[in-house]
Every structure is written in C-alpha cells, then in structure tokens.
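Participant: Handing you a structure now.
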Amino acid sequence: MRPEAGASAVSRIDLLPEGEAWWVRSLRLWCDGEGGQAALRDQLAGRWGKDGAEAFFARFTDLVALVLRHGRRPLLRHSLRCECVGADEAVFALFCAQALQDREEAMMIACLIMRADVAPIAVSLAQTLGLDLMRGGAISPRIPRHKLN
C-alpha cells in the first residue's frame, strides 16, 4: 500500500457519527500548528473553562503525540476546511470512538496504526478523553451495534 493512500477520501465529515467527526476536526486543528491549537483550546474553554480546557488539551496532546511519534507510518490528514475524511483520519476517529465503547476493539485498531507496546497507553488516553467529552456534552454516548441485538 502506498503511504499516500492514507489520505484517500473515504467519507465526508458530515456523514460521520458526531463523536468521530469531533475527533477528525480536533486532530486537524491540533496538527494545524499554534493557530489551530489555540482555536481548539478556545472551543474547549467554552465548554469546561480555562483550567478544564488546559487539562483536556494536555491529555489530547499526549494522545496525538503518541500516535504521531509511534505510528507505523506518518498519519496523513486533510486540511481544516476540507469536507472529505481521509482513511488515516477515519481510522484515528474510529479508534478514539471505540476506546469509549469497546476497549478490546480499540486495542486492535491501535495496534494497526502504532507500535503494540504503546497501544494500551493510547487506548487509555482516548478512553479518558472520550469520557470527558461525553460528560461535558460534546459528544453523545453511542450504543455499540453488537449490544442492540
């Protein structure tokens, strides 16, 4: 597989579940540098206040840095304003969403995108962040499909 295949469009941001769309947008903001990170902090501060936003942002930074530093290859992203969702972005968002719903599933996805020895740390961070997002009302809880039967 070509590394640039990670940027191949697989969806549109408006078609993703609410939580996954949040993860894609936030990843893009964080990766956009200081301006994007400031915008993300402002969004978070509007929900949790300055101190809560800084704590959340620090954990989010830890997660993204872990994924980027220990990824099996560079994580490719689309621009902030792009309506497409690239394959790598979609997998990152799915991984983060699964950490909140099904830890084992999240571990499997994490091992596909990063070194296996750091995957449990990434899953724990994503799970904590997801719980914070859910408690703060930024995302709604989603019932896993296998629990609907």
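The values are calculated or read from the model by the stated rules, or taken from the named source; none is laboratory data. Being a predicted model, the structure only gives us computed values, none of them experimental. Here the Cβ is made from the backbone with ideal geometry for all residues, glycine too, and neighbour counts use every protein chain on show. What goes into the accessible areas is simple: the full protein's heavy atoms, side chains included, and nothing from ligands, DNA or RNA. Shrake-Rupley method; radii C 1.70, N 1.55, O 1.52, S 1.80 Å.
Participant: Considering only residues that are open to solvent by 20 Å² or more (accessible area, probe 1.4 Å) and in contact with a Gly (Cβ under 8 Å, 6 or more places away or on another chain), look in the range 53-86 and name the one that is nearest to Gly33 (Cα to Cα).
Facilitator: Checked the range 53-86; the qualifying residue nearest to Gly33 (Cα to Cα) is Leu80.
Participant: Collect the residues in the range 8-49 that are aliphatic (A, V, I, L, M), within 16 Å of Phe95 (Cα to Cα) and open to solvent by 40 Å² or more (accessible area, probe 1.4 Å), keeping them in residue-number order.
Facilitator: Listed by number, the list holds a single entry, Val10.
Participant: Here is a further query. Of all residues in the range 13-38, which are under 14 Å from Phe56 (Cβ atoms) and not small (Gly, Ala, Ser)?
Facilitator: If the condition is that a residue be under 14 Å from Phe56 (Cβ atoms) and not small (Gly, Ala, Ser), then Trp22, Trp23, Leu29, Trp30, Gln37 are the ones that fit.
Participant: For the range 1-40, give me each residue that is among the small types (Gly, Ala, Ser), touching a helix residue (DSSP H, G or I) at 6+ places or on another chain (Cβ under 6 Å), in contact (Cβ under 8 Å) with a residue 60 or more places away in the chain and part of a helix (DSSP H, G or I).
Facilitator: Of everything in the range 1-40, those that are among the small types (Gly, Ala, Ser), touching a helix residue (DSSP H, G or I) at 6+ places or on another chain (Cβ under 6 Å), in contact (Cβ under 8 Å) with a residue 60 or more places away in the chain and part of a helix (DSSP H, G or I) turn out to be Gly6, Gly19, Ala21.
Participant: With the requirement that a residue be crowded, with 19+ Cβ neighbours inside 10 Å, free of Cβ contacts under 8 Å to residues at least 40 places away in the same chain and over 19 Å from Arg59 (Cα atoms), what does the range 87-127 give you?
Facilitator: Selection gives Ile109 alone.
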